[in-house]
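A short worksheet on the structure shown next.
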Amino acid sequence: MKPDGVFLANIIDNPSRGSFLKPYVNTLRRVFPHVTIAATGFGWDSSSRNTLIVVASNTPLDPEDFTATLTRLHGGTEPSTRIMAEQELASYMADATDLVLTDDHAPVDQLIAVLFDERGR
């Protein structure tokens, strides 16, 4: 990845719990100094299964710059995708587990199992 590049990962989780999302953010924070979450609208406020994008970079991620860039790329139409501000991410992660996913310990199936259970109801 280029020094000013951005790493994006699509994550499906219930953001109100963040069972998989929060450990994934913890993991990326071990490698990247700037990590945040993107979603359609403010999807991180959802209390049901949602698709979110974890965004990581070596350079700061400015929500306003992100929106301006996407607006320009979409011919002037403001995008529905937003990124979470650093302060909001800090608040979201305040009650997170300290779990970091590694080659030796990545219980992803256990972390997302409840999503499949909820889908079956």
I need a count of the residues in segment 36-63 that are exposed (fewer than 14 other Cβ atoms within 10 Å of the Cβ) and more than 13 Å from Ser80 (Cα to Cα).
6
Do we find that Pro23 is modelled with pLDDT of 95 or more and surrounded by 19 or more Cβ atoms within 10 Å (Cβ to Cβ) in this structure?
yes
Go through (1) closer than 17 Å to Tyr24 by Cα; (2) surrounded by 15 or more Cβ atoms within 10 Å (Cβ to Cβ) and name the single condition Thr67 misses.
(1)
In this structure, does Val54 turn out to be of a type in the set (A, V, I, L, M, F, W, C) and more than 13 Å from the chain's Cα centre (by Cα)?
no
Looking at Ala90, Ala56, which one is touching a helix residue (DSSP H, G or I) at 6+ places or on another chain (Cβ under 6 Å), at pLDDT 90 or above and closer than 19 Å to Val31 by Cα?
Ala56
So, of the residues in segment 80-96 that are part of a loop (DSSP other than H, G, I, E, B) and under 12 Å from the mean Cα position of the chain (by Cα), which turns out to be nearest to Leu21 (Cα to Cα)?
Met84
Go through (1) of a type in the set (A, V, I, L, M); (2) over 15 Å from Ile12 (Cα atoms); (3) in contact with a strand residue (DSSP E or B) (Cβ under 9 Å, 6 or more places away or on another chain); (4) not in a helix (DSSP H, G or I) and name the single condition Leu99 misses.
(3)
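The values are calculated or read from the model by the stated rules, or taken from the named source; none is laboratory data. Remember, predicted model here, so these are calculated numbers, not experimental data. For neighbour counting, all protein chains shown are included, and Cβ atoms are generated from backbone atoms with ideal geometry for every residue, glycine included.
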